[in-house]
Amino acid sequence: MASHTFLSLLLFYLYSFHLLRPIYCSFGSNGFETTSVPKEEEFSEELLLKPLPDYKVLAHFHFTSTSPPSSSNGKHHHLFPKSIAQLVKKYKIRELELSFTQGRWNYDRWGASDPLSTANGKPPGVELWALFDIPTKEEIDATWRNLTHSLSGLFCASINFLESSTSYSAPLWGFLPNNGDLRYGALPREAVCTENLTPWLKLLPCRDKAGIASLLDRPSIYRGHYHSQRLKLRSDGLNGIVIEQTLSVVLQPIDRTSWSMHQLFKKSLTGKCALAKSSKVFLEIEGTLVSQNENILELVGEADMVTNDQRDHSTIYQYNVERYSEHEALDIRVNWKKLLQVSFLQAPLHASRFLMGSGNERGSIAISLQSARNSTKGLYDNSKNCFTRVVIFQVVPWYVKVYYHTLRIYVDGAIRDAKDVVEKINVAPSEDKVSPGTLEMMLQFPCGMMSAALTLDFDKGFLHIDEYPPDANQGFDIPSALVSFPDFISRRIYPDSISSPLLQSYKGRNIVKSYTEVLLVPLTTPDFSMPYNVITFTCTVLALYFGSMVNVLRRRVSEEERLAKSKDKRKPGLIPLLISKISNKVRGIKEDSANQSQSSQPILGPKVVFKVVLIALIAVLGHYIFNSS
Amino acid sequence: MEVAEVEAEVEKKATATRSRLIVRLAALLVSHSTLVSVVCCLAGLIALLVLPLLAKNTYISENALLPGSANPVLSYQHVTQANNLIMDIMSIADDKQAPDIEIPKLIAKYMEILGAETYHHKFSQPQNQFHPLYFFSSSPNSPPTLANLSYGTSTVGIIRAPRGDGKEAIVLVSPYNTQNAGGIDASASASSIGLAFSVFSLLSRATWLAKDIIWVASDSRFGDHTSVSAWLNDYHNPNFIGDASSTRIFKRAGTMACGIVFKVVEKERREKYEDRDVVTLYAEASNGQMPNLDLLNVVHYLAVHRQGIRVRIGMFGGLVKSHLVRVLGEVMQQVGRFARSLNPDWRFEMPSSEYVEGTATLASSIYSQALGVPTGPHGAFRDYQVDAVTLELSPRFSLKNEHTRLAFLLKGGRLIEGTVRSVNNLLEKFHQSFFLYFLTAPNKFVSVGVYMIPFAFLVAPLPIIAASLFNLTSNRNPWRWLHTAKPLLITHTWSVVVTLLPFYISKISDLPSTHCMLTWAGGSLMALVILYIVFGSPYSKHVEWRLLKAVMIASVSIGLCLMSIINFATAQIGALFVVPMCLFALPIRVKTNNSLIRSMVMTCNLVMAVLGFPVTAVALMQGVIKGFGTVSILEFWDSMKFLWGWNSATYLYLVLVHLPCWLLFLHILFHPCR
């Protein structure tokens, strides 16, 4: 309880401080276009709910913090997270995006070419990229290494594995056009959990104690089918630092036909974060649903504003959180009157990637692109000179040795010459234990194409024993490839009456892109449980080999014969003498003839065998008698 | 100084006054070669017979599997849904309106209701052609010719794991036959689909899935194996050239972690009354490959300890009734009892009935591995390094009764649910437990370290005998074996010709198998005669029979050792035939002092000359295992066709190792002994 009161006191203090400060920024002009440079640190929180065609619900939390370029208070910040500001300042970051994702974005069902899904679809695991404001390549690499360690500490994740030069790459234009100051790395196997969410929430001024973030009930959000938590920051001299913290979850309502916010999150929204400039909840209904809106959907709860975007792709219902309090919590409820199968806007081509071949020696990576023409008929022009451009960006770890010359491209079931299709290509082959292979490729396909496939052959490499991870037998991951379509822009323009950083980000020229699946390559793994056997076995073989080799090379047979002859004249050693005496006695052979007839006379005569068997029998019998008595 | 020369000299001096211990030991062994070989062979035989006693109980080696740690949640609701599907399939089958089109559609419709991604996979019957060069590679990637042939349609549904990353998948296969949809086992066939559907509907709502689930309702009109192998081939080696529509719809779900094939078989007349439902496990894949033992253990554990289903594996019923085996069992029991009374710690006593059953099961296990032919559709998975097993479920009561059918589906479904859940728990692929083993009971196995001993005993005397024969020859030139290399070379060239002949014979279409057989035999004989005309008689002046035997033994031991790496079981059975042939070979005209021994050896030789011929050897083997009534020598062509149809290395062994050995044996037998 004490901590609670303390916190509220602190909040109150901060809030009053916020109110006392003179307000320079003009609130009247609600435009993105004006981009009046805020002189003050600002924070806004938004939540966008969107029913998906398969009766799931997408909840997209969006928190924006801005810090003006030159803070009047020196190094101190009021709302803006200090750790991030220090990070930006120290590593001279121009742009950075870090995402933690669990599950796969279903491009077929949840949409692929609207801005929300273009932004939401992230590869499983951790993805980090950053643009630096540093001139030389060496310095950028060093900074990147430091950055990964800082972020690793900040977000309780093993981002520091991206430090090694084998795990990050520097794409030039396949991911984002840049001047060689971009670094990109992905960790597909990184598990995402609350320990990553907590530090992320700490960057918010109200954490999850008040406002929209208070909806983040851990069991509810981690039960979702898709979970992607991101941090995106931009910094320049004009706007200062802007961080966008987003969290997208796809939830499955218990009752498919009707859901409410309270049912989804098991918490109710009772008010805004006192420090937020704006706090809004949106409900977006996709155009394909809204055309029959009246029949299918029923909304409970009165919206503050209802608008459509310019092309009527979707309808937005806006709810201002300020109006709600503990006595009257905001609870949007959606009832489906009729169950209906609809699909969202598809990407022009559906990309999927898979492995071909089997065995531990070699294989191929195939990327298959299939036209989704049925759904986006309007985008196509079937004339002969129409081409669709596709950019493929793929990073492959070094132990998967891709032979880039084996690139084969099939268009509509016929093999095509690469130079007819490839417009631009940039290949950075992998170097063993130094750098991964990077492939950036811009392809041109005729618009009427139905399907295309690319294959690349690879050999599977061998790792050193200490390079294997603890679960080596699972196989090794090839991170997701990024397939983007530069000719297709996903943007939605909403009327200026809505002022929202979230919706404003929709206005930008976002290229339609989709990530492919992560691949699992089984490599040869040594049997870790028997290193001892392996060592002894190899040592024995080597010893035998070297022993006999050295023996053969070193020996001088004639010398030895002479030596042996001279030795024969001398007395043999004590033990051989004894043995020979005993054996001679046993066999009853005279000493002189024994030496000559050693080869012809078997040592194990029938008598000896008989005696040995007799003694053994006596021993067994004795044992038997003693035991039984 | 030439190394070879030095070595030869060293060898010569080996038995001289002072030589190294290892050389002296070798010399000792060589000088007692007869004793050593007799002892080793007997030891090998005894070790083989003792194998059922040495079998250990299976245990689950991979801790991550956690079988049975979660309670099964498959409920009557799922099973009733599945029952609706079964009723629908049965009604389509009764209507006889193109069931081969309607049933896949119906299954796909049911899958889509569950929210699965579905597609139909079309495949045609592969040409059963002999590809001598494709023996060890995977099946050749030939473009499908669907145009003029009839084709089957498998229905495939994929459930994406809600929070999974889609890197791995578990494959469920349920074969059904649309051609025979209205036939006798129609209800059983439909029940396999129903069983798969009940599990699939449960998994489509499961939140704990980490791996995607693929359900292949495979059309088994060309056999269970064909459809699965065609689908797997398209999964791993898609063909992008040509009609792209089939590759367009084909969906994948990552690397396969495991394949579970299950089918319901209703036995019309049971031999004996069953008090429980029975599941029969089939695990042998091509060329004696086995799935990881852990997979079998999980199924066995869940079936026996959770669902109360009896588990069976293949067993030769004939051996259980055989008197010889029973007597052996009694002897083993007495020996075990005696050993135990000597020392209470020696606990290898086994009741004779258990021994008999263990032997029958072991024989079946060795035989199925030695044949190199998969025992079910799971074999197709093993070709892509995926562990898979076939479960054949047979219910206690008739499936025509709806009530018993529901109960049976619930039980079988829970077994499969548990198995899927265990595999789903796996972080790594199967690697902890054994891959090389024989089974002597569903829960007992003989591991590689134990079953290698009999083979090692059988093969060990071969080099010793070869060395002693080499020493006994009158010629003292160290390169004297080169003369005998010529007949050896001729024999092996001939065997290669014999191997390849069927390829050309099978090109001539529509020959009855007896004609093919005769053509093959005639062609081989002709090839042999031509080879002798070209290269001259094998009995030249320098070819001593001892040297010929030594060379034959050397080549055979190399062949056996190579085969033991490729398919151990084949080498094991082959050694039983070949090793006596190698040891006993003696020319008819050779003069010896002891006429009694000579006549005995000669009788043995003549018997072996007949039995060692691959045709009779195969017939004998099949006779021992399946009963002599069914065996005919003329079926040899068919059984060989069967072997190469499955790319079995056993065929190569028979023709490239066994046949030359037999021919050389004959050469020795009829050696002039000048």
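The values are calculated or read from the model by the stated rules, or taken from the named source; none is laboratory data. From a predicted model like this one, the values you see are computed outputs, not experimental measurements. No Cβ is skipped: glycine too gets one built from the backbone with ideal geometry, and neighbour counts run over all protein chains shown.
Descriptive notes on the structure:
- Residue pairs meeting the criteria (Cβ under 7 Å; at least 6 apart or on separate chains; first hydroxyl-bearing (Ser, Thr, Tyr), in segment B:22-41; second modelled with pLDDT under 85): B:Ser31/A:Pro602
- From B:Ser246, B:Ser227, residue being in contact with a strand residue (DSSP E or B) (Cβ under 7 Å, 6 or more places away or on another chain) and either modelled with pLDDT of 90 or more or among the aromatic types (Phe, Trp, Tyr) (or both): B:Ser227
- Qualifying residue in segment A:138-150 (condition: buried (at least 22 other Cβ atoms within 10 Å of the Cβ), closer than 27 Å to A:Phe61 by Cβ and modelled with pLDDT of 90 or more): yes
- Total residues in segment A:407-425, condition touching a strand residue (DSSP E or B) at 6+ places or on another chain (Cβ under 7 Å), within 14 Å of chain B (Cβ to nearest Cβ) and in contact (Cβ under 8 Å) with a residue 24 or more places away in the chain: 7
- Screening B:Phe381, B:Phe457 for residues that are touching a residue at least 40 places away in the same chain (Cβ under 8 Å), part of a helix (DSSP H, G or I) and more than 14 Å from chain A (Cβ to nearest Cβ) leaves exactly one candidate, B:Phe457.
- Residues satisfying the criterion are absent from segment B:646-658 (criterion: under 27 Å from B:His323 (Cα atoms) and in contact (Cβ under 8 Å) with a residue 60 or more places away in the chain).
- So A:Ser152, is it away from chain B (no Cβ under 14 Å), over 30 Å from B:Glu117 (Cβ atoms) and out of contact with any Leu (no Cβ under 7 Å at 6 or more places or on another chain): yes
- Test: B:Ile214 is within 14 Å of another protein chain (Cβ to nearest Cβ) and part of a strand (DSSP E or B): yes
- In segment A:521-535, the residues that are modelled with pLDDT under 80, in contact with a helix residue (DSSP H, G or I) (Cβ under 8 Å, 6 or more places away or on another chain) and of a type in the set (A, V, I, L, M, F, W, C): A:Phe528
- Test result for B:Leu427, farther than 29 Å from B:Leu319 by Cα, within 14 Å of chain A (Cβ to nearest Cβ) and at pLDDT below 90: yes
- Taking the conditions (1) assigned to a strand (DSSP E or B); (2) under 27 Å from A:Phe161 (Cα atoms); (3) more than 10 Å from chain B (Cβ to nearest Cβ) in turn, A:Phe462 satisfies each one other than (1).
- Selection count, segment B:311-329, where residues are of a type in the set (Gly, Ala, Ser) and either touching a residue at least 40 places away in the same chain (Cβ under 8 Å) or within 14 Å of B:Ile366 (Cβ to Cβ) (or both): 3
- Residue check, B:Leu406 surrounded by fewer than 23 Cβ atoms within 10 Å (Cβ to Cβ), assigned to a helix (DSSP H, G or I) and among the hydrophobic types (A, V, I, L, M, F, W, C): yes
- Subset of segment A:27-57 [in contact with a strand residue (DSSP E or B) (Cβ under 7 Å, 6 or more places away or on another chain) and either outside any loop (DSSP other than H, G, I, E, B) or at pLDDT below 55 (or both)]: A:Glu42, A:Phe43, A:Ser44, A:Glu45, A:Glu46, A:Leu47, A:Leu48, A:Leu49, A:Lys50, A:Pro51, A:Val57
- Complete set of residues in segment B:329-378 that are assigned to a helix (DSSP H, G or I) and within 14 Å of chain A (Cβ to nearest Cβ): B:Val335, B:Arg337, B:Phe338, B:Ala339, B:Arg340, B:Ser341, B:Leu342
- Residue match in segment A:426-437 (condition: assigned to a strand (DSSP E or B), in contact with a strand residue (DSSP E or B) (Cβ under 7 Å, 6 or more places away or on another chain) and within 13 Å of chain B (Cβ to nearest Cβ)): no
- Residue among A:Asp471, A:Asp527 that is among the charged types (D, E, K, R), facing chain B (nearest Cβ under 10 Å) and in contact with a Leu (Cβ under 7 Å, 6 or more places away or on another chain): A:Asp471
- Taking (1) under 36 Å from the mean Cα position of the chain (by Cα); (2) more than 30 Å from B:Ser365 (Cα to Cα); (3) touching a residue at least 40 places away in the same chain (Cβ under 8 Å) in turn, B:Ala47 satisfies each apart from (2).
- Residue check for B:Leu606: buried (at least 20 other Cβ atoms within 10 Å of the Cβ) and more than 22 Å from the chain's Cα centre (by Cα): no
- The residue list A:Leu238, A:Leu187, A:Leu172 contains one member that is away from every other protein chain (no Cβ under 14 Å) and either touching a Phe, Trp or Tyr at 6+ places or on another chain (Cβ under 8 Å) or modelled with pLDDT of 90 or more (or both), which is A:Leu172.
- Only listed residue being assigned to a loop (DSSP other than H, G, I, E, B), surrounded by 18 or more Cβ atoms within 10 Å (Cβ to Cβ) and either touching a residue at least 60 places away in the same chain (Cβ under 8 Å) or among the aliphatic types (A, V, I, L, M) (or both), chosen from B:Leu560, B:Leu586, B:Leu643: B:Leu586
- Annotation: A:Ala213 fulfils all but one of (1) part of a strand (DSSP E or B); (2) under 15 Å from A:Leu48 (Cα atoms); (3) among the small types (Gly, Ala, Ser); the unmet one is (1).
- The listed residue being over 21 Å from B:Val657 (Cβ atoms), of a type outside the set (A, V, I, L, M, F, W, C) and without any contact (Cβ under 8 Å) to a residue 24 or more places away in the chain, out of B:His515, B:His483: B:His515
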